[in-house]
Each structure stands twice: as structure tokens, then as C-alpha cells.
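K.L.:
Pasting a structure below so you can have a look.
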Amino acid sequence: MFAEFFDGRNPFDTFFVQRNGDEEMDVDDAFTTFHMGGFGNISFPRGRGAGGQEGGGCRKQDPPVLYELKVSLEEIYAGCTKKMKISHKRLNPDGKTVRTEDKILTIEVKRGWKEGTKITFPKEGDQTPNNIPADVVFVVKDKPHAVFRREGSDIIYPAKISLREALCGCTVNTPTLDGRTIPMVFKDVLKPGVKRRIPGEGLPYPKAPEQRGDLIIEFEVRFPDRIPPSSKPILEQILPV
């Protein structure tokens, strides 16, 4: 359908453009800006009446427009407010001509929201005499994190340890999302990929934000590239077959 109106281009490729990229912003005095129709350069597809004639009696709503709402794990942990400035067309009182209006859409990101959560703003697309404006839908998307990765309400911390630490025990200073460090002492043998849980240090549960998932330590064992020849006989005597 888009090819008919836009010469084979998808008009929504440039529908939402964030001026500040993925950088953090002060939600009290900064807005993330989304260009709806490129501030007049590109419009939503406009409905036609019966028989392809504009102004027909039966209007149809344009399909929903989806956009990824990128949030950090810290924002999901604490909750936050996202403000988006959009520009869309609205009918004038004469019911025939249109004007362009700016509008601020506010999203209260709740603690623990899962990736894929949808927030719908009904009929915020372009309005013309011949259509019902599209709904604008934001879909929560987790930003990649430098330390953790998310699994539902749990967060995974990959702890890199040496082979000696894996065999002889070690202490892992485990970071948390709220900036604390929890020292965890392990005295047993830690195999590659083994996991240990710290209960209640993950993300809030969306339906019960006063409760939280777990912080899971996932061990990555660094093996040496080589062993001195003099050490091999000792290892052969100590290590089981």
C-alpha cells in the first residue's frame, strides 16, 4: 500500500527521529522528538471513499504506527517518564483543510515493565477529511547494557574468573543496578557456565513491583593459553582423570 503513495518507500522509516539519539535526557526539561509525516513532508496514507473516490461515506482507520521505546535497565528498575514531541495534521473547522500541530505525548514507564509492553495513543496520526487517524503505538525495547543482560525479571551478571579461581574458590564483587557491590564468596569448584543466584536483587515484577527477581551470576572461566612443561606432571598428579 505504501508503494502506491510513496513511490515504493516506507513513510515510517523516518516517522520517528530522536534528536538526541540514545543519550540520557532530563525528562523535566527535554523532550524526545518524533516527526510525524516529517513535519508535513510525509503524511500518513489517506483513506478513500467507495470506488476509490475521495469524500466517500465509509472512512477506515489507518493502520497503527509502531515505534520502539528504548529504555535502560536502570529506567526499568526505578521507573521513569518519557516525553515525546510529535507533529501531526489536524482538520480545520471547515472540515476540508488541514493544519500541522505539535503535541507532547507523555509515557510513564512503570517499574519492571517487560520488553514488548505496548503503550497506545489512540488516533494521534494524521487526520484528513477522508480517514480515521492511525493509533500511535510505542513498544518497550531494552537498551543493551554494559554490564548486565535481562531475562524476564532476572538480570544476569557474567563473572569472568581464572581457572585457578574456578578450582580453588574465589570472591566475586557483584555489582547491582542501584550502584551497590555485593561480595560473594565461593569455595566450591565453579564449572564454566554454572550459575549462582542472589535473591531479590533483580528487576521489579511488573504486577508486583514491591517484589523483585534475582541477580544471577554466570561464570565464565578463563583458561590459560599454555602451561609450563614443568607444571604438567604436578597437575597430572593432582587433577582427577
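The values are calculated or read from the model by the stated rules, or taken from the named source; none is laboratory data. Here the structure is a predicted model, which means the values were calculated and not measured. In this analysis, Cβ positions are derived from the backbone assuming ideal geometry, glycine residues included, and neighbour counts consider all displayed protein chains. Quick note on the areas: whole protein, heavy atoms, side chains included, nothing else; ligands and nucleic acids left out. Shrake-Rupley method; radii C 1.70, N 1.55, O 1.52, S 1.80 Å.
K.L.:
Measure off 7 Å from each Cα along the Cα-to-Cβ vector at K118 and K191, then give the distance between these two points in nanometres to one decimal.
P.N.:
Rounded to a tenth, the inter-label distance reads 4.3 nm.
K.L.:
Let me ask something additional. Rank P209, V137, P183 by how far each Cα sits towards the positive end of the charge dipole of the range 134-216 (+1 on Lys, Arg Cβ; -1 on Asp, Glu Cβ) and give me just the farthest.
P.N.:
Ranked along the dipole, the leading option is P183.
K.L.:
OK, next. Please check which bits of the range 111-146 a label hung off K103 would reach, taking the label as a point 7 Å along Cα-to-C-beta and the cut-off as backbone N under 18 Å.
P.N.:
119-139
K.L.:
Residues with amide H under 5 Å of R149's amide H, sequence separation 5 or more or different chain, H placed in the peptide plane at 1.01 Å from N; which?
P.N.:
Excluding prolines and chain starts, which carry no amide H, the hits are I156.
K.L.:
Let me ask another. Starting from the Cα-Cα distance between K160 and I234, subtract it from 0.36 nm times their residue separation and give me the gain in nm to one decimal. Intermediate results must be reported in sequence, preceding the final value.
P.N.:
Details: separation 74, 0.36 × 74 = 26.64 nm, distance 2.53 nm.
The span from K160 to I234 would gain 24.1 nm if fully extended.
K.L.:
Report the dimensions of the range 89-165 along its three principal axes from the alpha-carbon atoms, largest first, rounded to Å.
P.N.:
Extents along the principal axes, in whole Å: 79, 19, 18.
K.L.:
Quote to one decimal, in nm, the extra length available between E218 and K83 on full extension: 0.36 nm per residue of separation minus the C-alpha distance between them.
P.N.:
45.0 nm
K.L.:
Keeping every protein chain in place, order D178, D135 by accessible area at 1.4 Å, biggest value first, i.e. largest first.
P.N.:
D178, D135
K.L.:
Can you send over the solvent-accessible area of Y77, 1.4 Å probe, protein chains only, in Å² to the nearest 10?
P.N.:
Answer for Y77: close to 40 Å² accessible.
K.L.:
In Å², what does the accessible area per residue of the range 96-139 work out to with a 1.4 Å probe?
P.N.:
Solvent-accessible surface per residue comes out at 50 Å².
K.L.:
Between their Cα atoms, which of K60/K96; K70/K123; K89/K143 are more than 27 Å away from each other?
P.N.:
K89/K143
K.L.:
Give me the percent of accessible area attributable to carbon and sulfur for the range 55-201, probe 1.4 angstrom. Numbers along the way, then the final one.
P.N.:
Details: 4030 of 7720 Å².
Roughly 52 percent of what the probe reaches on the range 55-201 is carbon or sulfur.
K.L.:
Then there's this: Counting only the heavy atoms of the protein chains, how much of D142 is accessible to a 1.4 Å probe, in Å² to the nearest 10?
P.N.:
Around 30 Å² of this residue is reachable by solvent.
K.L.:
How big is the range 142-218 in terms of Cα radius of gyration and Dmax, in angstroms?
P.N.:
Answer for the range 142-218, Rg first and Dmax second: 13.3, 43 Å.
K.L.:
Ignoring ligands, DNA and RNA, how do K83, K70 rank by accessible area with a 1.4 Å probe, largest first?
P.N.:
Largest accessible area first, the residues go K70, K83.
K.L.:
Could you give the length gained by full extension between M184 and I132, i.e. 0.36 nm per residue of separation minus their alpha carbon distance, to one decimal place?
P.N.:
12.9 nm
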